Amino acid sequence: MDKIETQIGGIEKIDEAVRLLHEGEVVVIPTETVYGLAANALNAKAVKKIFLAKGRPQDNPLIVHIEDANKAKMVAVDIPESAYLLWEEFSPGPLTIVLKKHPLVPYVTTAGLETVGIRIPNNELALETIRRSNLPLAAPSANISGRVSPTEARFVYDDMNGKIPLILDGGPCKVGIESTVLDLTKETPTILRPGAITEDMLSACLGKVVNHKGKVVRAASPGMKYAHYKPMCACFAAKTSDEAKELYNHFTNSLIIARQDFLDTCDVDNKIHLGETPEECMRNYFRILRENENIYDVIIIESFENEPQYLALQNRIAKATEKPDKI
Ligand code: TXA
Ligand code: MG
């Protein structure tokens, strides 16, 4: 890949972003969850550039971002009433809905699947880029494949400098972890990836919703199959502060990340407060990993295993702390 100069800018760069997208280039957009590496979802050549810049496996489908529910017909067919109910309730917001794909959406975008994931992001800069370009934008998280998702433009720059022409900077992401992915093509709506829109919120709207179970043969959602959300250093989850301290003392140059009560009982030098609510913890989590993965050799994270309200975050922690033989 030729090295190109990567610019960073805000709203003043939107016209350039739109021009680049129309020319089949890749542009980074901010969203409320994490930053996205965007290209025209209907242009196979442009979408291939996303896979190249990320180093993403070809069988990992991309999410298509649209500005409102009326545009869903451009990228999906046989849209059930339940999809519109969900958009009414949760859009714009951190929810991706998997539907039957429109024939115009190329298979590169959906990684060969007959379905397409659609999301309406809750970020003005992203929505304005989509509106002005009048294009559905395929966008995975803007990190190198397998690495921690970027929640600020500077983290995107670390991974994408020299590979793409433009990063739109919308400040820190407000949600901080990726959207909930819900498959509506199954008999019962199925959560493929947990996120800030919880199972309870979805079932209050739809009735029954289930979590994906079973063996992953193909990437129903790639987090299930590939190493994902992995910091550069070793990571461990600790259920108790005693366990955390033991790990901390076992290694040199380690860090503990946890809520305040947990930290208060850890008498160690290197510790960082993650937050006190699920929302706060989700917002801070990827940023803290990005800021510290090159400073420490080992990061120890409080485990939220038995707290259902932290399910989405615990899913990311489990991925970060997975050992290689499990991948
Ligand atoms: O919050 C987000 O979703 C962010 C922002 C940029 O929108 N995007 C994101 O994209 O996290 P990515 O590529 O890192 O993750 C996309 C997830 C994967 O788990 C993928 O398998 C799933 O969405 N997905 C996309 N299309 C799908 C489809 N047709 N069927 C099943 N899963 C799909
Ligand atoms: Mg990702």
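Derivation of every value follows stated rules applied to the coordinates shown; laboratory data play no part. For clarity, every value in this text was computed on a predicted model and none was experimentally measured. Virtual Cβ from ideal backbone geometry, glycine too; neighbours counted across all protein chains shown.
Helices in the chain, meaning DSSP H runs of at least 4 residues, each add -39500 (n - 2.57). Divided by all residues, the mean residue ellipticity at 222 nm is -9000 deg cm²/dmol. Over all other residues within a Cβ to Cβ distance under 11 Å of residue 143, the charged ones net out to +2, with Lys and Arg as +1 and Asp and Glu as -1. Other residues whose C-beta falls under 13 angstrom from the C-beta of residue 271 contribute a net charge of -3, scoring Lys and Arg +1 and Asp and Glu -1. Projecting the Cα atoms of 250, 64, 295 onto the charge dipole of the chain, computed from C-beta unit charges around the Cα centre, puts 64 farthest toward the positive end. Derived scalar couplings between HN and Hα for region 57-70 equal x, 5, 9, 9, x, 9, 8, 9, 9, 10, 8, 7, 4, 4 Hz in order, rounded to whole Hz, by the Karplus curve 6.51 cos²θ - 1.76 cosθ + 1.60 (θ = phi - 60°), x for Gly and Pro.
Subtract the Cα-Cα distance of residue 15 and residue 68 from 0.36 nm times their separation in residues, and report this length gain in nm to one decimal. Spell out each step's value before the answer.
Details: separation 53, 0.36 × 53 = 19.08 nm, distance 2.05 nm.
Difference between extended and current length: 17.0 nm.
Applying 1/(1 + (r/R0)^6) with R0 = 45 Å to the Cβ-Cβ distance of residue 239 and residue 6 gives a FRET efficiency near 0.65.
According to the square roots a ≥ b ≥ c of the eigenvalues of the Cα gyration tensor, what is the shape class of region 105-144, taking rounded for a/c under 1.5, prolate for a/b larger than b/c otherwise, and oblate for the remainder?
Cα axes put region 105-144 in the prolate bin.
Charge tally around residue 93: other residues with Cβ under 10 Å, Lys/Arg +1 each, Asp/Glu -1 each, net -1. Under the shape rule built on the C-alpha gyration tensor, where the axes satisfy a ≥ b ≥ c, region 113-263 is oblate, since a/c reaches at least 1.5 while a/b does not exceed b/c.
Stretched out fully, how many nm does the piece from residue 44 to residue 253 gain, at 0.36 nm a residue minus the Cα gap? Let's see the in-between values first.
Values: separation 209, 0.36 × 209 = 75.24 nm, distance 4.55 nm.
Computed gain between residue 44 and residue 253 is 70.7 nm.
Model label sites at residue 84 and residue 232, defined 7 Å from Cα along the beta-carbon direction, differ in position by 5.0 nm.
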